[in-house]
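Below you'll find the structure, written out as structure tokens, and then a few comments.
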Amino acid sequence: MKETVLEARRVSYVYRTRHRTVQALNEVSYRFASGTVYAVVGKSGCGKSTLISVLAGLYLPSMGYVLCHGKDTLTLDRTLHRRHDVAVIYQNYNLFPLMTVMENVLYPLRLQQKKKKEARALAERTLRSVGLSPDYYNRLPAMLSGGEQQRVAVARAVAGGQKIILADEPTGNLDEENSRNVMEMLKRLAHEEDYCVIVVTHDPQVAAESDAVIRMSSGRIVGE
Ligand SMILES: Nc1ncnc2c1ncn2[C@@H]1O[C@H](COP(=O)(O)OP(=O)(O)OP(=O)(O)O)[C@@H](O)[C@H]1O
Ligand SMILES: [Mg+2]
């Protein structure tokens, strides 16, 4: 059964710096359902990453609401929300630089207080699914290529098991094979395990493989 798991209601977001204000989102409304892969597309600077941050509850809307399972991100416990409801794959990966590959992937599992053995098995399985062998486990992110770091970021997000995945260009640095592999994994989670997956992408192939394409321009959704 598909149901709305995440909803933006007339969401605006304004960045205010000393020198200027930027309206990055302008009254965005959308309902995201489980069991679906969404692609968010649009020119650089149109507000895609900002939308991901607002949907993740990392930023609070300047105006409007984000509802996750019907609960407003303004009032829900955002620490628990990020630990249990949503997983984010960041555009710049945001790996912990002083943690090894394995420690990065174990991190969300530790926060969820999973048993050590279970967490380790899950981390190994997820790393294998993104094509990273045990040779990588003890390396630091700085010792990896961009595409390898990206796959660690994907593994860390997927291992956590949160059923809403917000992915900011998760295949931006991957070759065709790894890109296809990551998309297959995200699609399988959506279609077989009822995840809601939202993928920001510049790649027409990735957009074509999604169930719905959301087109943004100047902080608005302009088409679907
Ligand atoms: N921290 C910030 N402070 C001020 N302005 C910001 C900040 N982050 C983003 N912006 C501005 O907000 C707008 C939307 O940025 P956003 O990062 O959401 O775009 P994007 O669609 O993800 O672009 P890209 O495809 O290049 O990643 C841009 O005009 C950007 O310059
Ligand atoms: Mg971006």
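The values are calculated or read from the model by the stated rules, or taken from the named source; none is laboratory data. Everything numeric in this text was worked out from a predicted model, so none of it was measured. For neighbour counting, all protein chains shown are included, and Cβ atoms are generated from backbone atoms with ideal geometry for every residue, glycine included.
When you go through (1) within 14 Å of ligand 1 (Cβ to nearest atom); (2) at pLDDT 95 or above; (3) buried (at least 17 other Cβ atoms within 10 Å of the Cβ) one by one for Tyr90, which number turns out not to apply? Among (1) within 14 Å of ligand 1 (Cβ to nearest atom); (2) at pLDDT 95 or above; (3) buried (at least 17 other Cβ atoms within 10 Å of the Cβ), Tyr90 violates only (2).
Residues that are of a type outside the set (Asp, Glu), at pLDDT 95 or above, within 14 Å of Thr36 (Cα to Cα) and surrounded by fewer than 17 Cβ atoms within 10 Å (Cβ to Cβ) are absent from the stretch 164-173. Just to check your reading of the model, which residue among Ala157, Ala208, Ala153, Ala212 is in contact with a Leu (Cβ under 7 Å, 6 or more places away or on another chain), under 26 Å from Ala8 (Cα atoms) and not charged (D, E, K, R)? Answer to the selection: Ala153.
Looking only at the stretch 134-163, filter to residues that are of a type in the set (S, T, N, Q) and surrounded by fewer than 24 Cβ atoms within 10 Å (Cβ to Cβ); which one of those is farthest from Met99 (Cα to Cα)?
Let us first name the residues in the stretch 134-163 that are of a type in the set (S, T, N, Q), namely 138, 145, 149-150, 162.
When the remaining residues are screened for being surrounded by fewer than 24 Cβ atoms within 10 Å (Cβ to Cβ), the result is 138, 145, 149, 162.
Values: Asn138: 9, Ser145: 16, Gln149: 12, Gln162: 22 Å.
Ranking the candidates gives Gln162 first.
Yes/no matrix, rows are residues, columns are (1) farther than 26 Å from Gly47 by Cα; (2) touching a Phe, Trp or Tyr at 6+ places or on another chain (Cβ under 8 Å); (3) of a type in the set (Gly, Ala, Ser):
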| position | (1), (2), (3) |
| --- | --- |
| Arg125 | yes, no, no |
| Ser133 | yes, no, yes |
| Met143 | yes, no, no |
| Arg156 | no, yes, no |
| Asn173 | no, no, no |
| Glu193 | yes, no, no |
| Val200 | no, no, no |
| Ser217 | no, no, yes |
| Gly223 | no, no, yes |
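All of (1) within 17 Å of the chain's Cα centre (by Cα); (2) surrounded by fewer than 20 Cβ atoms within 10 Å (Cβ to Cβ); (3) farther than 30 Å from Val28 by Cβ hold for Gln113 with one exception: (1). Criterion first (at pLDDT 95 or above, of a type outside the set (S, T, N, Q) and on the phi > 0 side of the Ramachandran plot) does Asp194 satisfy it? Judged against the criteria, Asp194 is a match. Among strands (runs of 3 or more DSSP E) entirely within the stretch 1-91, having at least 3 residues that are away from ligand 2 (no atom under 16 Å from the Cβ) and under 19 Å from Pro170 (Cβ atoms) singles out no element at all.
Summed over the stretch 94-139, the residues that are in a loop (DSSP other than H, G, I, E, B), of a type in the set (S, T, N, Q) and touching a residue at least 24 places away in the same chain (Cβ under 8 Å) give a count of 4.
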